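Notes follow once the structure below has been shown.
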Amino acid sequence: MITIPIKVIDIRSKDPFVMLAKETASKLFLKHTDVVIVKSSTAELSAYPVVVTEIIENDTIGISPRNADHLGVKDGNQVTLSARKKPLSYKYITDKIDGKIWDQNEINTIVNDISNRRLTSLEISTFALVSQFKGFDNNELVGITRSMAEAGTQFDFEEPTYDKHSIGGIPGNKITPVIVSIAAAAGLLIPKTSSRAITSPSGTADTMEVLANVDFTPEELSELAPKVRGMIAWNGGLNLAPLDSIVIEVKKELGIDPRDQMLASIVSTKLAMGVDKLVFDIPTGPQTKMKDNVEALEFAHSMINLCRQLDIRVEAALTLGDQPLGRNIGPALEAVEALQVLEGKGTASVIEKSVELAGILLEMGGLANLGQGSTIAHEYIKSGKALAKFQEIVETQGGNKGVTSKSVDIAEYTVEVKALMDGYIQAIDSKRITAVANAAGTPKHKTAGIRLNFRKGDFVHEGDALFTIYSPSESKLATAVQVATTSPPFIIEGMIIRRVGSISQEKSVRLT
């Protein structure tokens, strides 16, 4: 091990690596297959060494800005550098291939090593793959969930704490601001933490960030949430269950989403936030994570069972996910539609889903009788109390006072995509809608997005504007139009889907 200063270089790579001179590598007796450990006073990470000439002087190592942020260091700061031995946690992970059942000590070692970035992406991929193909038994699942929560920040608000969570899968699911506002207006404490989108048009944090700050320290959230009763904060800055954010990048690369890992990830963050009661939204349909009711129901029972063992009461709701929710897709456009709902003039499907799920929270909190929660939740919208509470939350989080749906800016460049024939909308492909929205600039450009003019089952005429694309630049708009033209999101058919006749092809009659 040596102590050495760092130099921050504009390196862009998913995998951490360090650049060092040949002489420096020789001091550590590094081989080209080795992995090194870089440690600062507050953090550490495993990285691949890259031996270079000229770029880095001797007795200095180069690291990326991202890794410098993780280590909490700047140019010239000292770190320790050492060759890494293969972690014992990796042996535990590979033992799972042969059917090994992990005990709690082994689970803690695995979770802590991944959370503290002691494993490489390849080693983490092995963890993701054994999670996918071997799964966890009940004790492992409970143990992993608890260990993930304990590896990061943990909250205790010293009063019943509520939450709403969705497994996602459909564009336009902007109900969280509405639900949080209703629950908080009713007096329930609901410090909602949410993610930003990676490939989808908008995450809840993206939508809220259009209106207010979402990046808070644990201390700030602990202080503000009880005062205003509800918040919508980005979970990335809170260090909740850090394993989740590390493993998710690998899962996306592998194209997998292990069911047990999904359960552990969701529940561990709720456990870390001190959540006592949770309403769980499970969008269900061919284009969602839950393809049918049988699969969704099985997942709901698994969630309830896991939460019960960790003293979290959960009510799950299977919801329709066969098309995008509401009309607007994209951060700013979804913020507009959420505000319209709170103003009492939103899309019926968004209103219904919002008040039904908020109603379950009110029932769980003893503020409504069983089956009456949605009615009372709707009253909070009609009375204006939910809107007033949301405006208070926005102002508390640093946004403008008295925000309304008309005060949100959206992209200036637009184009309408029109129907090429008369017919009924047989389906709206959520994945294609997402592709068009992403091409227009979402989620990075918050003013970009799509507004749908028709819903599944509607009749359209040739030339009707099916949807409008919004983009901050003409070039992105052109790309989005090309995507929409190549893979049309709207599937339009006449009343006759296919003709099956008995007239022989050989003896067909020709009329003249």
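The values are calculated or read from the model by the stated rules, or taken from the named source; none is laboratory data. None of these values were measured; they are calculated from a predicted model. So basically every Cβ, Gly included, is an ideal-geometry build from the backbone, and we count neighbours across all protein chains shown.
Okay, here's what the table says:
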{"quantity": "The range 39-53, residues that are assigned to a strand (DSSP E or B) and of a type outside the set (D, E, K, R)", "calculated": "LEU45, SER46, ALA47, TYR48, PRO49, VAL50, VAL51, VAL52"}
{"quantity": "Test for SER245: is it surrounded by fewer than 24 Cβ atoms within 10 Å (Cβ to Cβ), free of Cβ contacts under 8 Å to residues at least 24 places away in the same chain and under 17 Å from the mean Cα position of the chain (by Cα)", "calculated": "yes"}
{"quantity": "Which numbered condition ALA427 misses (of (1) among the small types (Gly, Ala, Ser); (2) in contact (Cβ under 8 Å) with a residue 60 or more places away in the chain; (3) closer than 19 Å to GLU209 by Cβ; (4) outside any helix (DSSP H, G or I))", "calculated": "(3)"}
{"quantity": "The lone exception for THR288 - which of (1) over 21 Å from ILE360 (Cα atoms); (2) of a type in the set (Ser, Thr, Tyr); (3) more than 19 Å from the chain's Cα centre (by Cα) it fails", "calculated": "(3)"}
{"quantity": "Cβ-Cβ under 7 Å pairs, at least 6 apart or on other chains, the range 123-152 side within 28 Å of PRO16 (Cβ to Cβ) and of a type in the set (Val, Ile, Thr), far side modelled with pLDDT of 95 or more and in a loop (DSSP other than H, G, I, E, B)", "calculated": "ILE144/PHE136; THR145/LEU310"}
{"quantity": "Residue in the range 250-257 that is among the small types (Gly, Ala, Ser) and either modelled with pLDDT of 95 or more or touching a helix residue (DSSP H, G or I) at 6+ places or on another chain (Cβ under 8 Å) (or both) present", "calculated": "no"}
{"quantity": "Any hit, the range 74-83, residues being at positive phi and at pLDDT 90 or above", "calculated": "yes"}
{"quantity": "Whichever residue in the range 21-38 is in a strand (DSSP E or B) and at pLDDT 90 or above and, among such residues, is surrounded by the fewest Cβ atoms within 10 Å (Cβ to Cβ)", "calculated": "ILE37"}
{"quantity": "Residues within the range 451-487 that are touching a residue at least 60 places away in the same chain (Cβ under 8 Å) and not in a helix (DSSP H, G or I), tallied", "calculated": "9"}
{"quantity": "Candidate set from the range 54-96 (those that are touching a Leu at 6+ places or on another chain (Cβ under 9 Å) and in a helix (DSSP H, G or I)); member that is surrounded by the most Cβ atoms within 10 Å (Cβ to Cβ)", "calculated": "ILE93"}
{"quantity": "All helices (runs of 4 or more DSSP H) inside the range 315-413 with 2 or more residues being closer than 18 Å to LYS446 by Cα and in the same structural domain as ALA185 (by TED's automatic domain parsing)", "calculated": "331-342"}
{"quantity": "When residues of the range 469-486 are limited to those that are among the polar types (S, T, N, Q) and surrounded by fewer than 16 Cβ atoms within 10 Å (Cβ to Cβ), the one nearest to ALA332 (Cα to Cα)", "calculated": "SER473"}
{"quantity": "Enumerated helices (runs of 4 or more DSSP H) restricted to the range 120-189, each holding at least 1 residues that are in the same structural domain as ASP98 (by TED's automatic domain parsing)", "calculated": "121-133, 138-150"}
